[in-house]
């Protein structure tokens, strides 16, 4: 009888060992599956973030290019007006028109187009600076 109990205990021990190994095996498979799933989702989030950043950068570049182009066109036109000998009042009217166009089409929050032209400060928003205002120091001239 003693021998029979020992055989049953050994069989029970083996069965328990096999069961534990199988449980550990399946737990390992589940952990590997979720790790792989986590890695794939992480890659997807990173790629979506990069795509969004690139799209935003492209939109911002386009916005800046539009503003820069508007300033270049205005500068070329003012240079042409200077060569033609136009008056400061005519240049002021042009800058005011350009300022309004930029406010209405490109961006609303602007200080307008202004410049120090032929020794005179001209502001497209018709801002009248105080008497002690020195536009050369502001413009870095």
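Each value in this text was obtained by applying a stated rule to the coordinates, not by laboratory testing. Remember, it's a predicted structure, so these values are computed and weren't measured experimentally. Cβ coordinates were reconstructed from backbone atoms using ideal geometry, including for glycine residues, and neighbour counts include every protein chain displayed.
Report, to two decimal places, the Cα Rg of the stretch 2-139 normalised by 2.2 N^0.38 Å (N = number of residues).
On the way: Rg = 37.6 Å, N = 138, 2.2 N^0.38 = 14.3 Å.
Its radius of gyration relative to the 2.2 N^0.38 Å reference: 2.63.
Mind checking the full-extension length gain between residue 29 and residue 137? Use 0.36 nm per residue of separation minus the Cα-Cα distance, one decimal, nm. It would help to have the intermediate numbers written out before the result.
Working: separation 108, 0.36 × 108 = 38.88 nm, distance 7.14 nm.
Value of the extension gain: 31.7 nm.
I need the shape label for the stretch 79-141. Rule: rounded when a/c is under 1.5, else prolate if a/b > b/c, else oblate, with a, b, c from the alpha carbon gyration tensor. If you can, show how the numbers build up before the last one.
On the way: a/c = 1.92, a/b = 1.13, b/c = 1.70.
It is oblate, given that a/c is not under 1.5 and a/b is not larger than b/c.
Considering Cα pairs under 8 angstrom that are at least six residues apart, work out the relative contact order of the chain and quote it in whole percent. Don't jump to the answer; show the numbers that get you there.
Numbers: 56 pairs, mean separation 20.0, N = 141.
Here the relative contact order equals 14 percent.
For the chain, set up a GNM with springs between Cα atoms under 10 Å and report which of 92, 44, 16 has the largest fluctuation.
With Cα springs under 10 Å in the chain, the top fluctuation among 92, 44, 16 is at 16.
Helix-derived [θ] at 222 nm for the chain: sum -39500 (n - 2.57) over DSSP H runs of at least 4, divide by residue count, nearest 500? Each step should come with its number before you reach the end.
Working: 3 runs with 105 residues, N = 141.
Per the formula, -27500 deg cm²/dmol.
For the chain, with a Gaussian network of springs between Cα atoms less than 10 Å apart, report the residue from 11, 52, 67 with the top mean-square fluctuation.
Residue with maximal mean-square fluctuation among 11, 52, 67: 11.
Can you tell me the length gained on complete extension of the stretch residue 101 to residue 8, counting 0.36 nm per residue apart and subtracting the Cα distance? Please report the intermediate quantities before stating the final value.
Numbers: separation 93, 0.36 × 93 = 33.48 nm, distance 9.50 nm.
Gain in length upon complete extension: 24.0 nm.
In nm, to one decimal, how far is the residue 62 label point from the residue 42 one, both placed 7 Å along Cα→Cβ?
In this crude label model, residue 62 to residue 42 measures out at 3.4 nm.
Under a plain spin-label model, where a point goes 7 Å from the Cα along Cα-to-Cβ, how far apart in nm are residue 109 and residue 77?
2.6
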